[in-house]
Amino acid sequence: MGGRGGASEVARMAVAVVAAAVAAAAVLCPAAGGGLLGEGKALVAIRAALHDPGRVLRDWDLKSGNQPCFWSMVTCHEGKVQELSMVNQNLSGTLSPAIGRLRSLRSLCLRQNAISGPIPDTIGGVKLLQTLDLSNNQFNGSIPSTLGSLVNLRDLNLSNNSLSGSIPDSLATARMIMNLDISFNNLSGHRPAFHAWNVSIDGNPLLSDNSCEGNCSESLALPVLFPKDRKEEGPPSMERRIFILVLCIGMGGSLLAFVAGAVLLYCQHRRRCQRVFAVPVKQDPEVFLGHLKQYTLKEIRKATNNFNRRNILGEGGYGIVYRGRFPDGTTVAVKRLKDHDSVVGDDQFHTEVEVISLAVHRNLLHLTGFCIANNERLLVYPYMPNGTVASKLKECVNGEPVLDWPRRKMIALGASRGLLYLHEKCDPKIIHRDIKASNVLLDQYLEAIVADFGLAKLVDRGMSHVVTTVRGTLGRIPPEYFMSGHASEKTDVFCFGLLLIELVTGRETLELHENEYQKGGILDLAKERLELKQLNSFVDKKLRNNYNGAELEEMVQIALLCTMYYPDHRPKISEVVAMLEGGGGVAEKWEAMKNVEELNPNSSEVLFGPINYDEDQCNSIELESIELSGPR
């Protein structure tokens, strides 16, 4: 009995110790019961509601022992699920309300599937969500009003579904949304006044422009000029003549105002009117021109401590960027043009204001204000705490690169989406002309923000290219641009291909070291390593083996496709985006193009084209790869 009693006592003590350990774990490691495990359970529930014939979500299984951050199409940051990207994966079924349990989710992209059913109201609980793309599916029911409560939502695309009912007022009045696309659904009711920057509602024939539900003929009818019982004979009385005259004058004035307004809007839209900023603007310092604030030089000097060199964030060929802090605590980046009193410097200022005021997208840097005083030309931007991609590629924490492979993929995708907006969503379209790692900034979430529009060109729709002075970074200028001054969207695609090489290699410069490779440049080296299946010697050594070999091969193939010698052989940026999103066919495209005969880029015909550069033109070409923006 004594032995059994002792054994029982030991057992009770063991149970007590285990219970205490479990309790301590629950206190010290709350993520074990919730956090990532809770997110994993939510993902499993999402998978259960979907039909996945291709088994692309087969690893979404907690029984396998893998953490959700290692599951396909899941991107994490600091142990939290931040992105789900399941584009064109042949998924059907429904979207589970469990999506609302992914509290750290910032991007949800389910484009081009066959998912049906309602959009869960629970998405409104994902307060950090910035991008929601459910386009080209079969979602039905109404648009959840809870979407309007997402204070961080910037891009919402629900187009090409079967959504019905009215547009929620909360969505129409949401001020944070920049791009809203609800086109080609079955929406009805009146069209509200939207606060979003860019709105598309085409393809909803049941939507009316006002509150009379499409039956507005009475409200648009002209007033009856004479009573029904008027006599046919005799001229109208003096009162009636005055009434008719006043009415005609009023209608004529309204028509004239309408025509003048339409002409003015057209001029502004096509940029054929005189530039607003052509001369110093002498107005109240608090005035807002559109969404841009005009600052006084005194405010800028105070914010930057009189342009103190300690506040310099970066310096390049066209300007110095300073960190500034306004009295309300807002931290900004102030770009001070170097040649502010020259024609070139003033042109840089106009270009940047003009282009950035046209382009509003989550992956493009937006301008918040400006200052024109004396000979100063100053641009004010949001401060980007993580600097440039070029600077972050060099950084390591605890022996690990700050930009790991998944982040580099997301940077490539984000930058390509920004270029897609410039090329295909803007009218006139915009060519950046200087895409590189030092001109792509990183926000607090390490998301890519394309910056430095000082060299950008506006190109009318229907034009294949423009002929312009060659500017950019020497060694990154496409051959057709260098030889003839022909700049087009394919100019940016070429530079984007070199950006992909930067992301793959992590190199500070794309110039090869002496005796590093004797058969050509960095692109020739990339092609050779790809063909020999030796990309492990080409990829950034800081990554060690922490990358996906198949994804690495595809990124190098995309980079080589983007940097083909002839512009017509390069893909459009929309095709690049599709490839980076996992649309497939990259290997096939490369196989079809890799043996296309091209001129030798090292030939004198390429290096010395027919342009006769004058002194100003030569000076406009950067002789080194310089960070024009610096960290924002």
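Each reported figure results from applying straightforward, stated rules to the coordinates on display, with no laboratory input. Keep in mind that this is a model prediction, so the values were computed, not measured. Ideal geometry is used to build each Cβ from the backbone, glycine not excepted, and the neighbour counts take in all protein chains shown.
So in region 31-208, what percent of DSSP beta bridges are antiparallel if you round to the nearest 5?
DSSP beta bridges in region 31-208 are roughly 20 percent antiparallel.
By how many nm would the segment from Lys298 to Ser164 lengthen if fully extended, with 0.36 nm per residue of separation less the alpha-carbon distance?
Once the chain is fully extended between Lys298 and Ser164, it gains 42.9 nm.
Taking the Cβ of each residue in Ser537, Ser96, Ser149 as the centre, tally the other Cβ atoms inside 10 Å and list the residues starting with the fewest.
Sorted ascending by nearby Cβ count, the order is Ser537, Ser149, Ser96.
Output the direction-averaged projected area (hull surface divided by four) of the convex hull of the alpha-carbon atoms of region 31-208, in nm².
For the Cα atoms of region 31-208, the hull's average projected area reads 9.3 nm².
Okay, which of region 141-175 sit inside 20 Å, backbone N to the point 7 Å along the Cα-Cβ direction of Glu78?
151-153
Counting other C-beta atoms within 10 Å, and keeping those with at most 14, which DSSP coil trypsin sites (Lys or Arg not before Pro) do you find in region 109-215?
Of the trypsin sites (Lys or Arg not before Pro), the ones in loops of region 109-215 whose Cβ has at most 14 other Cβ atoms within 10 Å are Lys127, Arg175.
Name the lysines eligible as straight-distance cross-link partners of Lys425: C-alpha to C-alpha under 24 Å, and not fewer than 8 places from it in the same chain.
Lys409, Lys436, Lys457, Lys490, Lys572
State, to one decimal in nm, how far the label point of Leu206 lies from the label point of Ala49, with both points 7 Å from Cα in the Cβ direction.
2.3 nm
Hey, what do the phi angles of region 324-331 turn into as Karplus ³J(HN,Hα) couplings, whole Hz, using 6.51/-1.76/1.60 and θ = phi - 60°, x for Gly and Pro?
So the Karplus estimates, Gly and Pro as x, are x, 9, 7, x, 7, x, 6, 9 Hz.
Can you grab the distance from the C-alpha centre of region 384-448 to the C-alpha centre of region 37-102, Å, no decimals?
26 Å
Give me the net charge for the shell around Arg55: Cβ to Cβ below 15 angstrom, other residues only, Lys and Arg +1, Asp and Glu -1.
Around Arg55, the charge tally is -1.
For region 52-109, which trypsin sites (Lys or Arg not before Pro) pass both filters: DSSP loop (anything but H, G, I, E, B) and at most 15 other C-beta atoms within 10 Å?
When the trypsin sites (Lys or Arg not before Pro) of region 52-109 are filtered for loop state and at most 15 Cβ neighbours within 10 Å, Arg55, Arg58 remain.
With the crude spin-label approximation of a point 7 Å out along Cα→Cβ, what separation in nm comes out for Arg309 versus Met593?
4.6 nm
For Lys519, Lys394, what ranking results if the residue with the fewest other Cβ atoms within 10 Å of its Cβ goes first?
Lys519, Lys394
Multiply the residue gap between Gln67 and Leu512 by 0.36 nm, knock off their C-alpha separation, and tell me the result in nm, one decimal place.
156.2 nm
When a/c reaches 1.5 or more, the comparison of a/b and b/c decides; with that in mind, is region 85-176 rounded, prolate or oblate per its Cα gyration tensor?
Since a/c reaches 1.5 but b/c is at least a/b, the shape of region 85-176 is classed as oblate.
Please report the net charge: other residues with Cβ closer than 11 Å to the Cβ of Lys409, K and R +1, D and E -1.
-3
What is the spin-label model distance, in nm, from Val151 to Asp59 if the labels are put 7 Å beyond Cα along the C-beta direction?
3.6 nm
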